[in-house]
Amino acid sequence: MLRELFPDVAVSEAESCAAATAMGEEPFDLIFLDLNMPGVHGDQGLTAIKQVFPGCPVVNALVSRSCPMV
C-alpha cells in the first residue's frame with residue numbers, strides 16, 4: 001500500500017522481529033511495527049526494535065491478516 005501511495009519511497013519488509021533487527025545496518029526514517037508479528041509479543045518486539053534502531057520513530061499497529069488491504 002505504501003508503494004502505491006508513495007512510489008518514490010523505499011520500503012523494506014520483514015516477516016519476523018529477528019529479520020527486522022537483522023536489518024540494523026540500514027538507515028530507516030520510520031518503522032511500522034505489527035504488534036501481532038509472529039514469534040514475539042508486541043512489547044518484546046518494540047523493545048528489540050528500539051535497541052537496534054534507537055533514534056527511529058516507531059508506529060505500532062495491530063494488523064489483522066483477514067483484512068483484505070494487508
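The values are calculated or read from the model by the stated rules, or taken from the named source; none is laboratory data. These numbers come from a predicted model, not from an experiment. Reconstructed Cβ throughout: ideal geometry from the backbone, glycine too, with neighbour counts over all protein chains shown. Side chains are part of the model used for accessible areas, which takes the heavy atoms of the whole protein and leaves out ligands, DNA and RNA. Shrake-Rupley method; radii C 1.70, N 1.55, O 1.52, S 1.80 Å.
Every condition in (1) modelled with pLDDT of 85 or more; (2) exposed (fewer than 10 other Cβ atoms within 10 Å of the Cβ); (3) within 13 Å of the chain's Cα centre (by Cα) holds for residue 62 except the one numbered (1). With respect to (1) touching a residue at least 12 places away in the same chain (Cβ under 8 Å); (2) in a loop (DSSP other than H, G, I, E, B); (3) open to solvent by less than 40 Å² (accessible area, probe 1.4 Å), the lone exception for residue 14 is condition (1).
Scan the stretch 17-34 for residues that are open to solvent by 50 Å² or more (accessible area, probe 1.4 Å) and at pLDDT 80 or above and the total you get is 7.
Restricting to the stretch 1-11, what's the tally of residues that are acidic (Asp, Glu) and open to solvent by less than 70 Å² (accessible area, probe 1.4 Å)?
0
Given the criteria of a type in the set (A, V, I, L, M), out of contact with any Cys (no Cβ under 9 Å at 6 or more places or on another chain) and either surrounded by 13 or more Cβ atoms within 10 Å (Cβ to Cβ) or outside any helix (DSSP H, G or I) (or both), does residue 40 qualify? Considered against the rule, which asks whether it is of a type in the set (A, V, I, L, M), out of contact with any Cys (no Cβ under 9 Å at 6 or more places or on another chain) and either surrounded by 13 or more Cβ atoms within 10 Å (Cβ to Cβ) or outside any helix (DSSP H, G or I) (or both), residue 40 comes out as no.
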